Amino acid sequence: MSKQRDFVLRTIEERGVRFVRLWFSDVSGTLKSVALAPAEVEGAFSEGIGFDGSAIEGLTRAYESDLLAVPDPSTFQLLPWRSQTSPTARMFCDITTPNGEPAVADPRNVLKRTLATAAEQGFSFYTHPEIEFYLLKSKDFDGRGPVPVDRAGYFDNVPGGTAHDFRRESVNMLEELGISVEFSHHEAGPGQNEIDLRYADALTTADNIMTFRTVVKEVAIAQGVHATFMPKPLAGQPGSGMHTHLSLLEGDTNAFYDAGARYQISQTGRRFIAGLLRHAPEITAVTNQYINSYKRLWGGDEAPSFVSWGHNNRSALVRVPMYKPGKGDAARVEYRGMDSAVNPYLGFSMLLAAGLKGIREEYELPPEAENNVWALSDGERRAMGFDPLPASLDHALAVMERSELVAETLGEQVFAYFIRDKRREVAEYHSQVTPYELSSMLDTI
């Protein structure tokens, strides 16, 4: 038995752990969980826990429904919000078939496959997400819509405010779970907050994001408020994005860094950015997977709506942040399109696959956006080659359906399920009669 497994079993006994939750994700990024008694954990390591995969959205088909959840001992952590009552731990799982093969539709396995492709090219992939979300006093629909916990703005200090206590408690819990936080602050919208996680390899970061969402919601419940990662919960206010900084390493060397290059971004880095830009429209359905996502992308408030890149230009889809002199390991690129409701396993897979294709096929980086892209006219943007991102989920799915890159990266089963599921969401949305239609048309038509 491995040292990690021994550590888990020893910790369970020494800390009096009563339950061990096995976590994994469905295709949409919803966290799934099964609780084990401590006596069952050793067997789960060696044999996995069987379950009906066809009952999990998109995970497998009915005629091949038997799957196993195999816990990853390196992800073992005690859950802080259960420490006082019934000590509870969690581990993320890899999903396999009964013969031990990775389940093709397991989102964690999709990311592992993409990381393996990067490794074949000599790269490891690191990410650093800036996660935005809203805190609401009420989510009830009383004619006014959701009510935020405050009316504060960007970086505001609100003495005695809910957000201060909330962020402090959330950061403390994340640190207890071994998730390092860079900083936290109030964002631009009323009740909107941001917590940034430190750089880690992409698989660890994706696991951390799944844990992060759970922590935020648990703290919110404990404090009598509601947390949401909905991309655009409040009309007329900023949406919640997940701007993500990306780096490739070749061994211990930052592959994006070249001291003599413009902005210190290497040719590898430039080709990676070119890959992100060329394939952005076709991966947008994955990075922005809900109807509501497009109300953020096309709602202003610094959400990127056009395919462009720039140095320290926050109106661009891809930003090259200001270089820190003497710190070559800080060279990175920031993808600003993704929202905080993404399935991180699939989102990171698509960003990496697009960038790797740019490197592999030696894409040329187009001219940068030196001006405010939002302030340009449609004609000016067309002349500069700043094409729009898809304007709706329906449009994004139509572009994605034609993409060999997305199909190859996600795999046939995830690709087909994702499109089918999101087409259903579009159809359900279009069948609704909205309050806007009633208020603007009922009495006038």
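Looking at L365, is it touching a residue at least 60 places away in the same chain (Cβ under 8 Å), surrounded by 24 or more Cβ atoms within 10 Å (Cβ to Cβ) and among the hydrophobic types (A, V, I, L, M, F, W, C)? Write out each step before concluding.
Working: touching a residue at least 60 places away in the same chain (Cβ under 8 Å): yes; surrounded by 24 or more Cβ atoms within 10 Å (Cβ to Cβ): no; among the hydrophobic types (A, V, I, L, M, F, W, C): yes.
No.
State yes or no: is A188 over 28 Å from P321 (Cα atoms) and not charged (D, E, K, R)?
When the stated conditions are applied, A188 does not pass them.
I'd like the full set of residues that are in a loop (DSSP other than H, G, I, E, B) and of a type in the set (S, T, Y), limited to the stretch 414-445.
Passing the criteria: S431, T434, T444.
Taking E362 as meeting all but one of (1) outside any helix (DSSP H, G or I); (2) closer than 30 Å to K217 by Cβ, write down the number of the exception.
Among (1) outside any helix (DSSP H, G or I); (2) closer than 30 Å to K217 by Cβ, E362 violates only (2).
Quick one: S377 ticks every box in (1) in contact (Cβ under 8 Å) with a residue 40 or more places away in the chain; (2) under 19 Å from W298 (Cα atoms) except a single one, so which number is it?
(1)
For residues that are aliphatic (A, V, I, L, M), in a helix (DSSP H, G or I) and at pLDDT 90 or above, tally how many sit in the stretch 1-59.
Looking only at that region, the number is 6.
Considering (1) in a helix (DSSP H, G or I); (2) out of contact with any Lys or Arg (no Cβ under 9 Å at 6 or more places or on another chain), say which one L203 fails and leave the rest.
(2)
Looking at G347 and the list (1) of a type in the set (G, A, S); (2) surrounded by 16 or more Cβ atoms within 10 Å (Cβ to Cβ); (3) on the phi > 0 side of the Ramachandran plot, which single condition is not satisfied?
Only one criterion is unmet by G347, namely (3).
Restricting the stretch 263-310 to residues that are β-branched (V, I, T) and part of a helix (DSSP H, G or I), which is farthest from E370 (Cα to Cα)? Spell out how you get there, then give the answer.
Quick first cut of the stretch 263-310, residues β-branched (V, I, T) only: 265, 268, 273, 283-284, 286-287, 291, 307.
Pick out the ones that are also part of a helix (DSSP H, G or I) and you get 268, 273, 283-284, 286-287.
On the way: T268: 22, I273: 16, I283: 25, T284: 24, V286: 28, T287: 25 Å.
Of everything passing the filter in the stretch 263-310, V286 is farthest from E370 (Cα to Cα).
Identify, please: which residue in the stretch 239-257 is touching a helix residue (DSSP H, G or I) at 6+ places or on another chain (Cβ under 8 Å) and not in a strand (DSSP E or B) and is, among those, surrounded by the fewest Cβ atoms within 10 Å (Cβ to Cβ)?
Out of the qualifying residues, it is A255.
Given the criteria closer than 26 Å to L36 by Cα, assigned to a strand (DSSP E or B) and under 18 Å from the mean Cα position of the chain (by Cα), does F125 qualify?
In short, no.
For G260, only one of the following conditions fails: (1) in a loop (DSSP other than H, G, I, E, B); (2) crowded, with 20+ Cβ neighbours inside 10 Å. What is its number?
G260 satisfies all of (1) in a loop (DSSP other than H, G, I, E, B); (2) crowded, with 20+ Cβ neighbours inside 10 Å except (2).
Answer yes or no as to whether S392 is crowded, with 18+ Cβ neighbours inside 10 Å, within 15 Å of P281 (Cβ to Cβ) and either modelled with pLDDT of 95 or more or small (G, A, S) (or both).
Details: crowded, with 18+ Cβ neighbours inside 10 Å: no; within 15 Å of P281 (Cβ to Cβ): yes; either modelled with pLDDT of 95 or more or small (G, A, S) (or both): yes.
No: the conditions fail for S392.
The values are calculated or read from the model by the stated rules, or taken from the named source; none is laboratory data. Everything numeric here is computed off the predicted structure, so don't read it as measured data. Backbone-built Cβ (ideal geometry, glycine too); neighbour counts: all protein chains shown.
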